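**Student:** Would you mind keeping the following structure in view while I ask a few things?
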Amino acid sequence: MLHCLVHRIQVVTTLVRTELHRFIPMSLATARIWMAMGMVSRVNLIADWTVIVGPPSRSPRIKAKHPSDGEIMTIQSDRWIREQATTNGMIEPFTESQRRDGCISYGLSSYGYDARVADEFKIFTNVDSAIVDPKNFDPVSFVDRKTDVCIIPPNSFVLARTVEYFRVPRDVLVICLGKSTYARCGIIVNVTPLEPEWEGHVTLEFSNTTPLPAKIYANEGACQFLFLKGNEPCEVSYADRAGKYMGQRGVTLPKV
C-alpha cells in the first residue's frame, strides 16, 4: 500500500507541475499536507470536497475562500489607518507615530493603533457586599475616581475608557489586544469587538490577576486596536440596528 500511495503522489505531483490549475477532489486538510510537502503552492476552496491547487513554489502560500467572495478579510496598515483617521475622523484625537519616551507607548503602529486610557475610572469594591448583575447593575458596586494613576485592588478590576473617540467604517471590524507591558504585570485588558459603523469612546476593563495592588497610568498606552476589512460592506451595521452602546461617551456601564 505504501508503494501505491507513493506512486499516486508522484502521478499527482507530475499533473500539478505540468498544468497551471487543476480541479482535484480532496479535502482541504489533505491539500494543506500537500503544501507542507512542497507539492503545491496555493489552495483555493471551491466546495467542501473540491480544491484548486497551483504549481509548486519555493514560497508557498495558502488562501482559502469561496470564489463568489471578494477579497478575503485583511488587516489594515498604518497608511490606511492614517488616511481614515485624518480624512474621515475614524480616530480622534489621532497620534501619527508611536510615542514612547518615558511612558507606555501609544499612537499609530505598523498594523494597528495603540490607544490611551483616560483619567476616569470606576473601581469595583465589595464594601457594601453588592452582587454584580449585568441585567441590573448596582452603582454601589464601584467608586468613581478621576486620577492620573489608578490603583486596582488585588484580584479586582476597574472600568475605564479610551482617550480616543472611534468611528468604525461600514466594512470594517475592530478587535482589541492588551499591551504587553501590562500583560507582563498580570494586568489584563478586555474589550469586545467594535462593530461596523459603531462610534464612541471605548469602555475598557482592566483586570488585576495578581494578589498585589496594581497601577494603571492615565493618558498612556493601554491596548492596541486592529482593523479588519471585510470582503464587502455588511448588510446591517451597528448603526442600522440602533445598538444600545452607539455614540457612548465616558465610561459606560452595562445595558440591557
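**Student:** Keeping the other protein chains in place, figure out the carbon and sulfur percent of the accessible area of the stretch 120-256, with a 1.4 Å probe.
**Tutor:** Details: 3810 of 7110 Å².
Of the solvent-accessible surface of the stretch 120-256, carbon and sulfur hold 54 percent.
**Student:** Shifting gears a bit: Taking amide H positions as placed 1.01 Å from N in the peptide plane, with prolines and chain starts having none, which residues 5 or more places from residue 73, or on another chain, fall under 5 Å of its amide H?
**Tutor:** Here 231 satisfy the definition.
**Student:** Which residues does a label at residue 175 reach in the stretch 232-253, if reach means a backbone N under 15 Å from a point 7 Å past the Cα toward the Cβ?
**Tutor:** Counting only backbone N, you get no residues.
**Student:** Report, by chain and number, residues whose modeled amide H sits under 5 Å from the one on residue 172, excluding near sequence neighbours (fewer than 5 apart, same chain).
**Tutor:** Answer set, sorted by chain and number: 197, 230.
**Student:** Once amide H atoms are built 1.01 Å from N in the peptide plane, which residues 5 or more positions from residue 202, or in another chain, come under 5 Å H to H?
**Tutor:** Result for residue 202 returns 162, 166.
**Student:** What number comes out for accessible area per residue over the stretch 127-204 if the probe is 1.4 Å? Units Å², please. If you can, show how the numbers build up before the last one.
**Tutor:** Working: 4040 Å² over 78 residues.
Value returned for the stretch 127-204: 52 Å² of accessible area per residue.
**Student:** Right, another one. Considering only protein heavy atoms, with the full assembly of protein chains and a 1.4 angstrom probe, order 168, 149 by accessible area, largest first.
**Tutor:** Details: 168 15, 149 55 Å².
The ranking, largest first, comes out as 149, 168.
**Student:** I would also like to ask the following. What does the highest-first list of 229-237, 76-84, 174-182 look like by mean Cβ count within 10 Å? Intermediate values should be presented prior to the final figure.
**Tutor:** On the way: 229-237: 13.3, 76-84: 16.1, 174-182: 17.8.
Descending packing order for the listed peptides: 174-182, 76-84, 229-237.
**Student:** Between residue 219 and residue 241, what is the spin-label point distance in nm, taking each point 7 Å from the Cα along the Cα→C-beta axis?
**Tutor:** Distance between the two pseudo-spin positions: 3.9 nm.
**Student:** Note down the magnitude of the dipole of the stretch 96-143 about its Cα centre, charges +1 on Lys and Arg C-beta and -1 on Asp and Glu C-beta and zero elsewhere, to the nearest 20 debye.
**Tutor:** Using Cβ point charges on Lys, Arg, Asp and Glu, the stretch 96-143 gives about 140 debye.
The values are calculated or read from the model by the stated rules, or taken from the named source; none is laboratory data. In this text the structure is predicted, and so the values were computed from the model without any measurement. FYI the Cβ positions are ideal-geometry reconstructions off the backbone, even for glycines, and counts take in every protein chain you see. The accessibility values were calculated without ligands, DNA or RNA, using every heavy atom of the protein model including side chains. Shrake-Rupley method; radii C 1.70, N 1.55, O 1.52, S 1.80 Å.
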